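> I have a structure I would like to understand better, so I am pasting it below and will then ask my questions one at a time.
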There are 2 protein chains.
Amino acid sequence: MVDIATRVWNHKWKIDPIVRSLIDTDFYKLLMCQSIFRNKPDTTVTFSLINRTKSVRLADLVDEGELREQLDHVRSLSLSRGESTWLRGNTFYGKRQMFRSDFMEWFETMSLPDYHLEKRDGQYELTFEGRWHEVMLWEIPALAILMELRGRAVLRDMGRFELQVLYARAMTRVWEKVEALRDLPDLRLADFGTRRRHSFLWQDWCVQALHEGLEDSFTGTSNCLIAKNRDLEAIGTNAHELPMVYSALARDDAELARAPYDVLADWHEEHEGNLRIILPDTYGTDQFLANAPDWLAGWTGIRIDSGDPVQGAETAIRWWQDRGEDPTEKLVIFSDGLDVDKIRELSETFRGRVRVSFGWGTMLTNDFRGLVPGDALAPFSLVCKAVAANGHPTVKLSDNPRKAMGPAEEIERYKRVFGVGRQEELEVVV
Amino acid sequence: MVDIATRVWNHKWKIDPIVRSLIDTDFYKLLMCQSIFRNKPDTTVTFSLINRTKSVRLADLVDEGELREQLDHVRSLSLSRGESTWLRGNTFYGKRQMFRSDFMEWFETMSLPDYHLEKRDGQYELTFEGRWHEVMLWEIPALAILMELRGRAVLRDMGRFELQVLYARAMTRVWEKVEALRDLPDLRLADFGTRRRHSFLWQDWCVQALHEGLEDSFTGTSNCLIAKNRDLEAIGTNAHELPMVYSALARDDAELARAPYDVLADWHEEHEGNLRIILPDTYGTDQFLANAPDWLAGWTGIRIDSGDPVQGAETAIRWWQDRGEDPTEKLVIFSDGLDVDKIRELSETFRGRVRVSFGWGTMLTNDFRGLVPGDALAPFSLVCKAVAANGHPTVKLSDNPRKAMGPAEEIERYKRVFGVGRQEELEVVV
């Protein structure tokens, strides 16, 4: 029996909203938002959408009107009472009241600022300019909306059973990954796949499948809404935008050289335990660690997000040893380009030498490769990054020059200041 | 939003019934039932469940109490007004009022007779004794119930997502079959999978998937309830029970030799066009055709249900040619042990030589091979057959001696009367 009121209510939606909640975002965005809200409340930042996969012509695939409707819908959202209660009352990484009252009061009444959208060369130029702690909240919904609208465009003409079998195939693939991982001893793995997910419902399914299939080896999800709805841990620490903006604000080379450590000093003051995770690759891991102050070696672990992951983890282990730390008590979080084979390989390579954890993203929540003609649902490399702060361009070097961004002359300056030499180029799939 | 009344109503079911309608059965059972109701209303017949796959110990797998509940539920069913309207008002094979008023009046008020159930050597002995046109209606529900209870037993301890992935894999397999068949020119294929289906909902899904995927090449389903609900053609003609019971009733060898033709004479009188399909293999195809009266060669086609199908169809083509008929205007229906490869092979072998149609059964509605540990969901060979009529045992020789049944001395007598020599043994999977 169909509930008639539900059916009538569903007919009243003008659109099928992709993002329906301000906490349908990565946990670390909220952590960083709070930190920025306290430490850099007056900084003006520009975030910009960047499609690294030029062959996917988003503006040809996705209708501009639909995109605007989805973005406008996100602007109409505000934090619900239940969401606020969850953020205020929950335990994150063993700590209660992770979110301070002044931050929550602001968050409860904010809505996302305006966006600027135009088409150019088959791509969308989508930018957000305003106070850092406001525009930074656009990153995840903007990416999730574009990923899902692209999927909807591809699926538009498929039949009902054809669609069901498409999802059956994708489910089977996720489950085969579960089966390939469930026997790995000491596996600790979380979902980091919000930004490039196929869709919200699909991410929700993947998270639940991993929870059932991997049991305690599945440690949680970066998505706050799914963590709340499914009674899971919300997972995450910090991202490149912090050192990138801090660095862009530096007034000279000396301040620039200090900026990546200043930002972690602010973080150190606010967070403890598992939230003290170093993300070292923004301006090259080797130099970052070599020049790091000793208190940073006391942090819980490190996140390897670019470059060759084995090399990155070996560098971290040597660094801890040099600083008199015991690597077996340290945590290495791998979060770049993961899939089953790499997870197994990394897990086996570092077992017993360091604690290992995985933040599994795109190949968990968007592996539809080969499932439709022309591979039109294959994941692609879409990012949304801080490109300027108070009028100065940001720069990222990364451990993989293909992930570098910023004006050429600024990249050269950063390389000089941070002492970065030759880097190995690695293919960027997602 | 959940409809509260629905939720409360669902809690009131004492069991989850497997067969919920008297027309959740094969169309040809109703056709034969009407014919028997007219021609042999006083014959007493015993139907008996026979599990040819002894390794599947049904009585160990399936709880006797649950089995009795399901069988008792079927006994509580009577024809609904809508079902009666559909049988009375529908067009079957282009003919209105296929079911006569006297038959419909009886069918509207009947319920299934009692059953006899006991356990022996890990198997269920399940028999139905009574008037032929009543007990014969037990065949399909009894098989469907045992198949589905066995499936439920195997699935009992699986997790929610594990189950979803199991069905995802099975759906993918069915769809791969659709994809392998959809380019076959002139394909005509119907679902004959009711009796050995994995479950009702699964058969319903398979039928709809074939309808979407094969479009006009999918000609309908033998299941009346699904045909009614999904607005499809109900498909079917006649089965071995007719010649088997007519033969068991023969008082001497001369009557026995005539019996398989007598039954078709009765059928000839009642049916025309596509319902005039010969099922020649009950006592050996070669001799049956050689001794057949000329009017039988005028029938529309032949159904090949045992033995080597290519050989069977070649025999039929030669027979039509010998009797001055044009084989290209005749129909051959293949219905034994079909799967994609065999359908493709038979389709290609006989294209242009004879009209070909497929009645696809177990490997359509119950192909869960290899999907659970120990292959515990693999289909197996369960049948429910007329074993006696008015106290005389029935006999089937078939074109495959492994499908033969009856007391040894009676088999010898039938072989002599029908002139059946050496036969080739073929494996019986389902």
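> Enumerate the pairs (first residue in the stretch A:1-30 and within 13 Å of another protein chain (Cβ to nearest Cβ); second residue anywhere and open to solvent by 10 Å² or more (accessible area, probe 1.4 Å) and hydrophobic (A, V, I, L, M, F, W, C)) with beta-carbon separation below 8 Å, excluding pairs fewer than 6 apart on the same chain, so at least 6 apart or on different chains.
A:Met1/B:Ala5; A:Met1/B:Trp9; A:Asp3/B:Met1; A:Asp3/B:Val2; A:Ala5/B:Met1; A:Thr6/B:Met1; A:Trp9/B:Met1
> I'd like the full set of residues that are away from every other protein chain (no Cβ under 12 Å) and open to solvent by 60 Å² or more (accessible area, probe 1.4 Å), limited to the stretch A:166-220.
Across the stretch A:166-220, the qualifying residues are A:Asp183, A:Pro185, A:Asp186, A:Arg188, A:Leu201, A:Asp216.
> Among the residues of the stretch B:274-303, count how many are open to solvent by 30 Å² or more (accessible area, probe 1.4 Å) and among the aliphatic types (A, V, I, L, M).
Residues in the stretch B:274-303 being open to solvent by 30 Å² or more (accessible area, probe 1.4 Å) and among the aliphatic types (A, V, I, L, M): 1 in total.
> Next question. Does the stretch B:321-330 contain at least one residue that is surrounded by 19 or more Cβ atoms within 10 Å (Cβ to Cβ), farther than 28 Å from B:His392 by Cβ and in contact with a strand residue (DSSP E or B) (Cβ under 8 Å, 6 or more places away or on another chain)?
Checking the stretch B:321-330: at least one residue is surrounded by 19 or more Cβ atoms within 10 Å (Cβ to Cβ), farther than 28 Å from B:His392 by Cβ and in contact with a strand residue (DSSP E or B) (Cβ under 8 Å, 6 or more places away or on another chain).
> Can you run down the residue pairs with Cβ atoms below 7 Å, 6 or more apart or on separate chains, where the first is in the stretch B:89-108 and in the same structural domain as B:Met32 (by TED's automatic domain parsing) and over 21 Å from B:Pro41 (Cβ atoms) and the partner is in a loop (DSSP other than H, G, I, E, B) and among the hydrophobic types (A, V, I, L, M, F, W, C)?
Final answer for the pair search is B:Phe92/B:Met98.
> Residue by residue through the stretch A:199-224, note down the ones that are in a helix (DSSP H, G or I) and either among the small types (Gly, Ala, Ser) or over 23 Å from A:Glu139 (Cβ atoms) (or both).
A:Trp205, A:Gln208, A:Ala209, A:Leu210, A:His211, A:Glu212, A:Gly213, A:Leu214, A:Glu215, A:Asp216, A:Ser217
> What is the one condition in (1) in the same structural domain as A:Phe218 (by TED's automatic domain parsing); (2) touching a residue at least 60 places away in the same chain (Cβ under 8 Å); (3) in contact with a helix residue (DSSP H, G or I) (Cβ under 9 Å, 6 or more places away or on another chain) that A:Val372 does not satisfy?
Only one criterion is unmet by A:Val372, namely (1).
> Can you name the condition, by its number, that A:Leu163 falls short on among (1) within 24 Å of the chain's Cα centre (by Cα); (2) within 14 Å of chain B (Cβ to nearest Cβ); (3) surrounded by fewer than 19 Cβ atoms within 10 Å (Cβ to Cβ)?
Tallying (1) within 24 Å of the chain's Cα centre (by Cα); (2) within 14 Å of chain B (Cβ to nearest Cβ); (3) surrounded by fewer than 19 Cβ atoms within 10 Å (Cβ to Cβ), A:Leu163 fails exactly one: (1).
> Determine whether A:Asn366 is under 28 Å from A:Cys33 (Cβ atoms), surrounded by fewer than 18 Cβ atoms within 10 Å (Cβ to Cβ), among the polar types (S, T, N, Q) and in contact (Cβ under 8 Å) with a residue 40 or more places away in the chain.
Against the criterion (under 28 Å from A:Cys33 (Cβ atoms), surrounded by fewer than 18 Cβ atoms within 10 Å (Cβ to Cβ), among the polar types (S, T, N, Q) and in contact (Cβ under 8 Å) with a residue 40 or more places away in the chain), A:Asn366 does not qualify.
> Another one. For the stretch B:388-400, indicate whether the set of residues that are surrounded by fewer than 17 Cβ atoms within 10 Å (Cβ to Cβ) and out of contact with any strand residue (DSSP E or B) (no Cβ under 8 Å at 6 or more places or on another chain) is non-empty.
Within the stretch B:388-400 (the criterion being surrounded by fewer than 17 Cβ atoms within 10 Å (Cβ to Cβ) and out of contact with any strand residue (DSSP E or B) (no Cβ under 8 Å at 6 or more places or on another chain)), the answer is yes, since at least one residue qualifies.
> I would also like to ask the following. All but one of (1) small (Gly, Ala, Ser); (2) at negative phi; (3) surrounded by fewer than 23 Cβ atoms within 10 Å (Cβ to Cβ); (4) free of Cβ contacts under 8 Å to residues at least 40 places away in the same chain hold for A:Ala239; state the number of the condition that does not hold.
Among (1) small (Gly, Ala, Ser); (2) at negative phi; (3) surrounded by fewer than 23 Cβ atoms within 10 Å (Cβ to Cβ); (4) free of Cβ contacts under 8 Å to residues at least 40 places away in the same chain, the lone unmet condition for A:Ala239 is (4).
> B:Ala227: open to solvent by less than 10 Å² (accessible area, probe 1.4 Å), within 14 Å of another protein chain (Cβ to nearest Cβ) and either touching a helix residue (DSSP H, G or I) at 6+ places or on another chain (Cβ under 6 Å) or in a helix (DSSP H, G or I) (or both), yes or no?
No; evaluated as a whole, the condition is false for this residue.
> Just to be sure I understand, how many residues within the stretch B:17-52 are part of a loop (DSSP other than H, G, I, E, B) and over 18 Å from B:Ile140 (Cα atoms)?
Of the residues in the stretch B:17-52, 4 are part of a loop (DSSP other than H, G, I, E, B) and over 18 Å from B:Ile140 (Cα atoms).
> Can you find a residue in the stretch B:5-16 that is within 29 Å of the chain's Cα centre (by Cα), surrounded by fewer than 21 Cβ atoms within 10 Å (Cβ to Cβ) and in a loop (DSSP other than H, G, I, E, B)?
Checked the stretch B:5-16: at least one residue is within 29 Å of the chain's Cα centre (by Cα), surrounded by fewer than 21 Cβ atoms within 10 Å (Cβ to Cβ) and in a loop (DSSP other than H, G, I, E, B).
> Continuing with the same structure: For the stretch A:108-121, which residues satisfy the criterion of being more than 20 Å from the chain's Cα centre (by Cα) and either of a type in the set (A, V, I, L, M) or open to solvent by less than 10 Å² (accessible area, probe 1.4 Å) (or both)?
A:Met110, A:Leu117
> For the stretch A:122-139, state whether one or more residues are within 14 Å of chain B (Cβ to nearest Cβ), surrounded by 15 or more Cβ atoms within 10 Å (Cβ to Cβ) and not aliphatic (A, V, I, L, M).
Looking for residues that are within 14 Å of chain B (Cβ to nearest Cβ), surrounded by 15 or more Cβ atoms within 10 Å (Cβ to Cβ) and not aliphatic (A, V, I, L, M), one finds none in the stretch A:122-139, hence no.
> Would you mind telling me which numbered condition in (1) out of contact with any helix residue (DSSP H, G or I) (no Cβ under 6 Å at 6 or more places or on another chain); (2) buried (at least 22 other Cβ atoms within 10 Å of the Cβ); (3) at pLDDT below 95 B:Ser306 fails?
Looking at each condition in turn, B:Ser306 falls short on (1).
> Whether any residue in the stretch A:143-157 is without any contact (Cβ under 8 Å) to a residue 60 or more places away in the chain, buried (at least 19 other Cβ atoms within 10 Å of the Cβ) and within 14 Å of chain B (Cβ to nearest Cβ) is what I want to check.
no
The values are calculated or read from the model by the stated rules, or taken from the named source; none is laboratory data. Everything numeric in this text was worked out from a predicted model, so none of it was measured. Ideal geometry is used to build each Cβ from the backbone, glycine not excepted, and the neighbour counts take in all protein chains shown. Quick note on the areas: whole protein, heavy atoms, side chains included, nothing else; ligands and nucleic acids left out. Shrake-Rupley method; radii C 1.70, N 1.55, O 1.52, S 1.80 Å.
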